[in-house]
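Computed from the coordinates by the stated procedures, all read-outs in this text should not be read as laboratory data. Remember, predicted model here, so these are calculated numbers, not experimental data. Please note: Cβ atoms are built from the backbone with ideal geometry, for glycine as well, and neighbour counts cover all protein chains shown.
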Amino acid sequence: MGSTQKGYHLPADAPPLVTDTLTVTGCSQGIGRALCTLVLSKGHRLVATARNPTTGLSYLPESTPSSQLLKLPLDVTSRSSIDAALDASIAHFGRLDVIVNNAGMFIYGNTENTDEADGRAVFETNFWGPMTITQRAVGIMRDVNPKSPSCDGAQGGVILNVTSFGGRVAVAGSAFYDASKVGLEAFTECMAQEVKPEWNIHLSCIQPGGVRTGFISGRKRIDEHPAYKGFEGTLQIVERYFDDPQTPESWNTPESMAEGIYETVSSDKEIPRRVPLGHDAWTVLMADHERTGRELEAGKDLQ
C-alpha cells in the first residue's frame, strides 16, 4: 500500500542550536556505535543505550555535555527496562524525534536441532523488544512531542526498525533470526498503515547487508543434528562462508550503514517503507523480487 505522508525533516530550533533527539538501541558496537558517533558529530541530541553503558558506551566522549548526550542502560527483552529508558529520555530531553531499534542477536545452525529457549531468546531481542519500543514511541511522538518547548512543539517523528535483507530473503541456518526479522517487518508495515498522516509519524525498516562487526563471528552456533552428518547443503556452505576470515572484507562498514540511516531521516524526502543498505542487500533483494515475479507469473492461472 502506498504512503499518504510527505517527506520528513528533523525539527530544529533556530540555527545554530539543533535540538532534535535521536534514540538508538544496541550502541555498544557495530552500526549502533557508528551511528552514535555520527549523530553527535552532527550536533544532534542523543540517547545512547546499552545493557551496560559503563563499558558498552565508554567510547562516547566524556566531554560531551549532558544537554546533548544521555547514556542509559537498556535491556530490550525487559518491559520495565524499556519503560524506564523511555521515561528517562523524556524527562531529560522532553521529546523523541527519531528512534532506531538496532539491538539484535544472531544464532546460526541446524534448524531442527535448535533448542526452543534459544529460538525464543532471538524473538525476545529481535521482535518483541523493538515491537514494544515502537508501540510506546508512537504515543510519545503523537502526544508528548507537541508539549515540548523545543523544536516548536513539533508533532511526529521517525521509527526505524533495523531488520536485514533476511527480513525478506531467508537463508538456511538462520531460521529464527530471519523469522524474527520477517515478523518485525510485517509489524512495522502494519503500524505504518495505521498511524494517521497528520501525526507525522513515519515507520521504516532498515535492511543492511553484511557488516564488518563482531555480530556474525560472535554468533551462537547450533550443533548439527546427527541425521545431517556428511551432508553438503546450503547451510554448510554458508557456515564456511561465515567462518572464512576473508569474508568480512567484502562487507559494508558500520560507518557506511550509519550514513545511510542518517540520510534516511535527514534528506527531507519521503521515508520509504523499506531501506536496503549496501550493494549486497540491494542485489539479494532485487534477485528475490525478480524470482517472485516469475513465480507469480507462473501461478497466475492456478485459480
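Data for the structure
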{"read-out": "Leading residue at positive end of dipole, the chain (Cβ point charges), from L70, T114, L22", "value": "L70"}
{"read-out": "Whole-number percent relative contact order across the chain, with pairs defined as alpha carbons under 8 Å at least 6 apart", "value": "22 percent"}
{"read-out": "Residue-averaged [θ]222 nm for the chain, counting only DSSP H segments that reach four residues, each worth -39500 (n - 2.57)", "value": "-12000 deg cm²/dmol"}
{"read-out": "Greater than 22 Å apart at Cα, pairs in K42/K181; K71/K220; K42/K71; K71/K181", "value": "K42/K181; K71/K220; K71/K181"}
{"read-out": "Positive minus negative residues near A34 (Lys, Arg vs Asp, Glu; Cβ under 12 Å)", "value": "0"}
{"read-out": "Size of charge dipole - the chain - debye, nearest 20, with Cβ of Lys, Arg +1 and Asp, Glu -1, no other charges", "value": "600 debye"}
{"read-out": "Size of the stretch 37-177 as Cα extents on the principal axes (Å, biggest first)", "value": "54, 33, 27"}
{"read-out": "Cα long-axis angle, helix 129-139 against the chain (0 to 90 degrees, to the nearest 10)", "value": "30 degrees"}
{"read-out": "Neighbourhood charge, 12 Å Cβ-Cβ cut-off, centred on S266 and excluding it, Lys, Arg +1 and Asp, Glu -1", "value": "-3"}
{"read-out": "Kirkwood hydrodynamic radius over Cα pairs of the stretch 184-239, then Stokes diffusion coefficient at 10 °C and 1.306 mPa s, in µm²/s", "value": "102 µm²/s"}
{"read-out": "Local electrostatic count at K181 - Lys and Arg +1, Asp and Glu -1, tallied over other residues with Cβ under 13 Å", "value": "-1"}
{"read-out": "Percent of alpha-carbon pairs separated by more than 34 Å within the chain", "value": "22 percent"}
{"read-out": "For the chain, the longest site-free run once chymotrypsin sites (Phe, Trp or Tyr not before Pro) in DSSP loop states with at most 14 other Cβ atoms within 10 Å are removed", "value": "60-230"}
{"read-out": "Whole-number D in µm²/s for the stretch 190-293 (Stokes-Einstein; Kirkwood sum over Cα pairs; 25 °C, 0.890 mPa s)", "value": "146 µm²/s"}
